[in-house]
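The next block holds one structure in the form of structure tokens; read it before the comments.
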2 protein chains.
Amino acid sequence: MDTKEKLLASAEASARAHGYDGFSYADLAADVGIRKASIHHHFPKKRDLALALIERYAAAIAVELDAIADRVTRASDQLRAYIAMYRGALSGGSTLCLCVAFSLSRESVADDVAAAIDRFRDRSVAWLVEVFERGKLDGSIHDVQAPADEAITCLALVEGAQLAARAALSPDRFDSALVLMAKRLA
Amino acid sequence: MDTKEKLLASAEASARAHGYDGFSYADLAADVGIRKASIHHHFPKKRDLALALIERYAAAIAVELDAIADRVTRASDQLRAYIAMYRGALSGGSTLCLCVAFSLSRESVADDVAAAIDRFRDRSVAWLVEVFERGKLDGSIHDVQAPADEAITCLALVEGAQLAARAALSPDRFDSALVLMAKRLA
DNA sequence: TGTGACCTGTCTACTAGTAGGTAGGTTGGC
DNA sequence: GCCAACCTACCTACTAGTAGACAGGTCACA
């Protein structure tokens, strides 16, 4: 793992725990083991780091979504895996998914970073629309309304559930908020 | 409006737009028209201000929830009013409800502030449980499952919807995320 | 009716610490 | 020779918070 990758990994962990404003070049430097000024060699401005972060994150999720589609075929299983992915991102209630963390810091992040977050959200919704469409056809998800509405609702729900879990520092809250959704999955 | 009240109002606006870490005594001083040091006379530490803020907020919402219960009697109408309240807090997508804003800054806020947020959430859920119970009985809310699950899901949904609206700086996202819920209301 | 003690609210001027960022120099490998 | 990667040393701007002074009002007591 080269320095750049180490920086990204450290920054992602901090950003998910403290938000965009909650980590500093000084923190990263201490964590990675180089001097603060050296980070500017890899990421001249903080927004460069943030952009790399969100793009790396989006790419990782895209890979994960593909993996889910490969691993299981039923729509209900895919949605279950999607929810488990968000659940896993909590790590005990202390971290959020990067998209949620950056959305909260909306005013601090640069426009291109915000645009990258929007694109990520759109892709997530598109993936979910497909899942709900198939769930409606194969009957593995109960009571499916318009897939487009279901997808947007589902994304808001998992993100809201992350928030609730974080506020209480307990992943149980995430599960509670998703009980009803889980019951719809055959 | 005395100075203390002006400070709270200004701080609330900033906190909802920028989060707990996103406003400073300097900002407040400029906004209210007194010197930075004078704020410390009213709120010695920032956590004192934060605590006053969340308690003022919780009290205001409690009043609003009572007003809703007085104004309309059908469970569906009450839930509609509840959702409208969260929708209204967006003010064009630039602000969040204080509870969401502070939840994101969880690591920065003091323990007593976090505890106050927890209490606020519990009270919101309790209010919603009652609404779903009555909605199940009078049939004004369709397909009501266990009211406790419905309430927690509903809170996560409106908070997640706020987040989505904020990320896109557009309140339309809030409405989209709540289309399915709205359709359940008679 | 003074007068001294005290309180509230505000001020100027300051502290120590941290933020992101920069200038310019030193390595070491291709 | 060149360049990526790193360094030391610094900058400006900002953070919460403190010290101490100064008004103006209130209140008790002689």
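The values are calculated or read from the model by the stated rules, or taken from the named source; none is laboratory data. The model shown is predicted, which means the values in this text are computed figures rather than measured ones. Glycine also receives a Cβ, built like all others from the backbone with ideal geometry; neighbour counts cover every protein chain displayed. Please note that ligands, DNA and RNA were not included when accessible areas were found on the heavy atoms of the full protein model with its side chains. Shrake-Rupley method; radii C 1.70, N 1.55, O 1.52, S 1.80 Å.
Using only protein heavy atoms and a 1.4 Å probe, how much accessible area in total is buried between A and B, to the nearest 100 Å²?
Buried area (both sides, nearest 100 Å²): 2900 Å².
In Å and on Cα atoms, what radius of gyration and Dmax does the range B:125-186 show?
12.5, 38
Mind pulling up the Rg/Rh value for chain A? Radius of gyration and Kirkwood radius, both on Cα.
Working: Rg = 17.7 Å, Rh = 17.4 Å.
Rg divided by Rh gives 1.01.
In the range A:129-158, what residues drop by 40 Å² or more in accessible surface going from the chain by itself to the full protein assembly, probe 1.4 Å?
The answer is A:ASP149, A:ILE152, A:THR153, A:ALA156, A:LEU157.
At q = 0.11, 0.12 Å⁻¹, what is the base-10 log of I(q)/I(0) for the range B:8-117 according to the Debye formula with one equal point scatterer per Cα and no solvent? Please give it to two decimals.
After summing over all Cα pairs, the log10 values are -0.40, -0.47.
Can you give the helix-only mean residue ellipticity at 222 nm for the protein assembly as shown, where every DSSP H stretch with n ≥ 4 adds -39500 (n - 2.57) and the sum goes over all residues, rounded to the nearest 500 deg cm²/dmol?
-24000 deg cm²/dmol
Round to the nearest 10 and give me the degree value, 0 to 90, for the angle of helix A:147-167's Cα axis relative to the longest principal axis of chain A.
Its long axis makes an angle of about 50 degrees.
Find every distance from the label point of B:VAL179 to the corresponding label point in the other copies (7 Å from Cα along Cα→Cβ) and write them in nm, one decimal, shortest first.
Counterpart label points of B:VAL179 in the remaining copies fall at 2.9 nm.
Per residue, how much accessible area does the range B:62-186 have with a 1.4 Å probe, in Å²?
38 Å²
Measuring label to label, 7 Å along Cα→Cβ, what does A:SER24 give against each other copy in nm, shortest first?
1.2
Can you list, shortest first in nanometers, how far B:VAL72 lies from the same residue in the other copies, with each label 7 Å from Cα toward Cβ?
Ordered by increasing distance: 3.7 nm.
Roughly speaking, what is the centre-to-centre gap between the range A:145-186 and the range A:37-65 when only Cα atoms are used, to the nearest Å?
Here the answer is 27 Å between Cα centres.
Quick one: what Rg and Dmax do you get for the protein assembly as shown from the alpha carbons, in Å?
Expressed in Å, the Cα Rg and Dmax of the protein assembly as shown come to 21.1, 66.
If you roll a 1.4 Å probe over the range A:40-186 with all protein chains in place, what percent of the accessible area is carbon or sulfur?
Solvent-exposed carbon and sulfur of the range A:40-186 make up 54 percent of the total.
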